[in-house]
Amino acid sequence: MMQMLSILAILLAVGLPVLDYAFFRPRRRAFGRDDAILRGVERAIYLVFVVALAGMVVSSIFMLAVGERMHRWMLILHMTLAPLFALCVTALAVLWQSTAAADDDLRRGPREPGERFAFCTVIVASFLTILSAMLGMMTWFGSDGQRLLLNIHRISSLVLFVAAAFLAWRLLSKQRSPAS
Amino acid sequence: MLRKTRDNRLVPLLATLVVVALVVMQVTSTLRAAEPSVEPSTPSPKAPPERTYSRSPFVHRIPILDEDGTVIRPTKPGEEAAPNASSKPMSQANTCGKCHSDYPVMQQGWHFNFAQPNAPHGRPGEPWILSDVQTRTQLPLSYRRWQNTYHPHDVGINDFNFAKLFGRHHTGGGALQTSNDLRMKMSGPLENDCLICHTSDAGRYDPVARANAIATDQNFKHAPTLAAFLGKVQGQASRLRDNFDPAGPDARRAPRVTYDPSRFDDLGNVVFDVERRVSNERCYFCHTNIDVGRAGTDGASTQPAAGGNAGLESRWRHDRDIHLVKGMSCVDCHRNGPDHMIVRGYEGEFEARAAVAGAKPDPTIATLSCAGCHYGTDTQPGGRNAAPRPVHRGLPTLHFDKLTCTACHSGPAPQDATTLVQTAMAHKLGLPRHHTADAAAPTIQQPVFLRVNRRGEPVPEDGDDQPGKIAPHRMIVPSFWGRMTNEKITPIPPEQVVAAGVEEILGEKPAEKDFVAAAPLSEEQIAKVLEKLAAAPPPEIRPADVVTANNPSQPTTAAPTTAPATANAATTTASTQPAPAPDVPPAPPAPPPAWATGEPVFVSGMKAYKRGANGKLESFFNIAVAPYAWPIGHDVRPAQQSLGARGCVECHASGAPIFDGVVNTASAVAGATAKHTMADARMESTGALAAFAATYPLRWLLLLTGYACAAVLLVVIFARAMHLLTTRRWAR
């Protein structure tokens, strides 16, 4: 089951940017503030976020997809990158919130609906992924609760992976808006 | 036109033939029914076993029968002794089998089917251990041919000698009942002893008397009678010569029973207090295990003091299995039907039984394993006997894929090294002794954490086979003298080693009732013994020790009619060995047994030793040095005393017993005992585990970061949601 879902997630992660490239690229506008595609700090955070997420995906989703388990060194890699990922996604969320609020105040909508939805998905899925992992480490939940938390962690991380892959594609391929 | 005419003529003809045939058949059947049957009478199938099917026990006030099926009636006080008064022992096959006519079905049970090659032998269990302190022999034996055990026949132990050695803690039956070994003619068969398990009156059954009758007197068939206090036995089968003829003039020397009239009522019946549900104490006679720890030492050594018995004496501190503490009994889980295939209770047992051709095991046995009972299976509900559903708070479910339930819950709490354990089967617990040292041979260690599959076979962690789980085991490292031919080492029976004249080198045999540790041997001693063995003449095998093939279909009282043809024929496949007719040329002598030919070697401490070119001892590796391990099921510790109850670092830390606990090779060679970690024993690398364990001190930081990030994310999500709601942008 998880192997099938992992393969599906990988296919979606690859497929959505391809679809985007094929159908929506001509109508795309710049992301972020008008004066920059991404600011320097934001860009650095994005970069670390993407690298951390990629490492975590390789150690977990890819392992499940090829029929292996996430254990030993892969588990250590996963857990080593986890705090980095959590910090990055939190920082991005804060930046996004401030940016979005400013945009709203100015009645501007620099983001396209797809990007907006993908980013919202990344934030919500990250929250669920992080919280389910943290709760699983506590002694509050028995086996049934642990299984539920594990399933939440797995499903939300698959969703996170697909959404983040789509968003990364949009950011990497972004061009300056003609208006700016 | 022509065809049509023919058809018209054929139809009435065929109809007539059919009618005639039907009439003939009816008449014939009517005549048959009217006539008395003239067919030869065939024996009607035996009546079904008698059962009351009540939960109230049936009072067994029954006549007792001897091996001929004759009712035994003792001479009462004041009565004149009847000339035909029975002096034969009770036969439980006849006495119990009279009503429980499914006696042959019982032979399929675990306690009796050990020699049946087609029987399901399940995952490895406790072997019989041939232990001899003088020759430093400790050899796991099993008729079931579990990996790394030796079949008794392969090492020159025939069924008779096996019964003599181990019948003390064996229910009898199986090959011990049907064997054709020469001495079985004198001892009689060692039948299923129903009472050794099913008696409910401990004061009316003495297993020690039975053990003595078997081991010392060789009165196999008399042993249950003696143990059940039915009478006295005069005479010893051990004193009868090999050419004893029960029908000859020496017959009067055969053991005889003088029954105790007070055990019989006026009608000649005897009351047996028996019960279907066997009491725990009956199980314990053969299945007692006592952890002797490392008492008598400073705690640094992995071996107890050689002569001390403080560990044994500390048994009062040990808790019982939690299930027994809660009021359960062994048979609540280890149940059986008429076939006596007692549920062993391990995961995979159902598959193992189902794998046997034609077998249709009851699927509910899957709910009698730990997980099956406490959780249920995919198809069966759990909670039998009100088993609580475990919560396992804070334990990631990943552990259930990597550990058996017993890994955390069974056996003694693991320490930094294995401890020694003594078992009833190996150390004759339950029998009187003058002295027992904690380190008494054989050396069995526990708990050894090995990774095994559902069949109980060791597997690597990432093997392609069924995924393995770590489970606690007891382990014995074999130690024996052997002979090697084409890299195959076969153990030499201890008495044959002694027969080579090595007594001066190895020292004297300890007294029968002294259970002592085996002193280590120097390399010089080993070299000398190997030299003696190499120079020893071909062994002379007594007829009594000849291995004969077992024939389960043979009647219980079957015995060879004559002694074996040649003394040197150690192994023969003939079920009986009649004297050759004068005009028939004698059969060629059987080849000598494997243990009698080849280069002498010594195996101990997971090494093999042979004489080198310069006369010095050389060690080498051979598959025969591999230890034998069997899983630990009991005693089950309660949740609070399970491994991990005090936190993850009970395992995920440097020095954790499950990974870094020490297993030693228990070598009989001085200074050769090596120490390995549990991870080494599983042949697993510990780099990743050590790195993972090293992260635990920083786990609080991970948790802090995680919760802080989650909190911020929640605030962001909440703020965004509120913003959307208040600005109603979502509606646009």
Exercise. Measure of size requested: the Rg and Dmax of segment B:134-255, with Cα atoms as the atom set and Å as the unit; please supply both.
Key: 15.3, 48
Exercise. Mind checking the full-extension length gain between B:Arg317 and B:Ala711? Use 0.36 nm per residue of separation minus the Cα-Cα distance, one decimal, nm.
Key: 136.9 nm
Self-check item: Approximate spin-label separation A:Trp73-B:Thr75, in nm, with each point projected 7 Å along Cα-to-Cβ
Solution: 8.7
Quiz item: Taking the Cβ-Cβ separation of B:Ala694 and B:Arg393 as r and a Förster radius of 22 Å, what is the calculated FRET efficiency to the nearest 0.05?
Solution: 0.35
Quiz item: In segment B:209-242, what trypsin sites (Lys or Arg not before Pro) fall in a loop by DSSP, with at most 14 other Cβ atoms inside 10 Å?
Solution: B:Arg241
Self-check item: Reference-scaled alpha-carbon Rg (2.2 N^0.38 Å with N residues) for segment B:66-185
Solution: 1.37
Quiz prompt | Per-selection metrics, segment B:405-545 (Cα): Rg and Dmax in Å | solution = 19.6, 53
Self-check item: Convex hull of segment B:74-128 built on C-alpha atoms - directionally averaged projected area, nm²
Solution: 6.9
Quiz item: What does the charge add up to near B:Arg123, with Lys and Arg as +1, Asp and Glu as -1, over the other residues with Cβ less than 14 Å from its Cβ?
Solution: +4
Quiz prompt | Solution diffusion estimate, µm²/s, Stokes-Einstein, segment B:313-471, Kirkwood Rh from C-alpha pairs, 25 °C, viscosity 0.890 mPa s | solution = 134
Quiz item: Mind checking which lysines have their C-alpha under 19 Å from B:Lys402, skipping anything on the same chain fewer than 8 residues away?
Solution: B:Lys469
Quiz item: How do B:Cys651, B:Cys283 line up, fewest other C-beta atoms within 10 Å first?
Solution: B:Cys283, B:Cys651
Quiz item: For B:Val669, B:Val59, what ranking results if the residue with the fewest other Cβ atoms within 10 Å of its Cβ goes first?
Solution: B:Val59, B:Val669
Exercise. Report, by chain and number, residues whose modeled amide H sits under 5 Å from the one on B:Leu521, excluding near sequence neighbours (fewer than 5 apart, same chain).
Key: B:Val669, B:Ala670
Quiz item: Can you list the equivalent-ellipsoid semi-axes of segment B:206-254, largest first and in whole Å, using the square root of 5 times each Cα gyration tensor eigenvalue?
Solution: 22, 11, 7
Self-check item: Förster radius 51 Å - calculated FRET efficiency between B:Glu281 and B:Ala247 (Cβ-Cβ, nearest 0.05)
Solution: 0.75
Quiz item: Under 26 Å from the Cα of B:Lys76, which lysines turn up, not counting those fewer than eight places away in the same chain?
Solution: B:Lys88, B:Lys98, B:Lys221, B:Lys232
Exercise. Please state the charge dipole magnitude for segment B:597-732, taken about the Cα centre, from unit charges on C-beta atoms (+1 on K and R, -1 on D and E), reported in debye and rounded to the nearest 20.
Key: 800
Practice problem: Please list, or write none, the aspartates and glutamates whose alpha carbon is within less than 20 Å of the alpha carbon of B:Lys326, excluding same-chain residues fewer than 8 places away. | Solution: B:Glu281, B:Asp635
Exercise. Just order B:421-431, B:173-183 by mean Cβ neighbour count inside 10 Å, highest at the front, would you?
Key: B:173-183, B:421-431
Practice problem: Work through the residues other than B:Asn161 whose Cβ is under 12 Å from its Cβ and net out their charges, Lys, Arg +1 and Asp, Glu -1. | Solution: -1
Self-check item: Label point distance in nm, A:Arg116-B:Asn486, each placed 7 Å from Cα along Cα→Cβ
Solution: 8.2
Quiz prompt | Net +/- balance of residues flanking B:Ala371 in space, Cβ distance below 13 Å, scoring K and R +1, D and E -1 | solution = 0
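No value in this document is a laboratory result; all are computed from the given coordinates. The shown structure was predicted, so the numbers you read here are calculated from the model rather than taken from an experiment. Cβ: placed from backbone, ideal geometry, glycine included. Neighbour counts: every protein chain shown.
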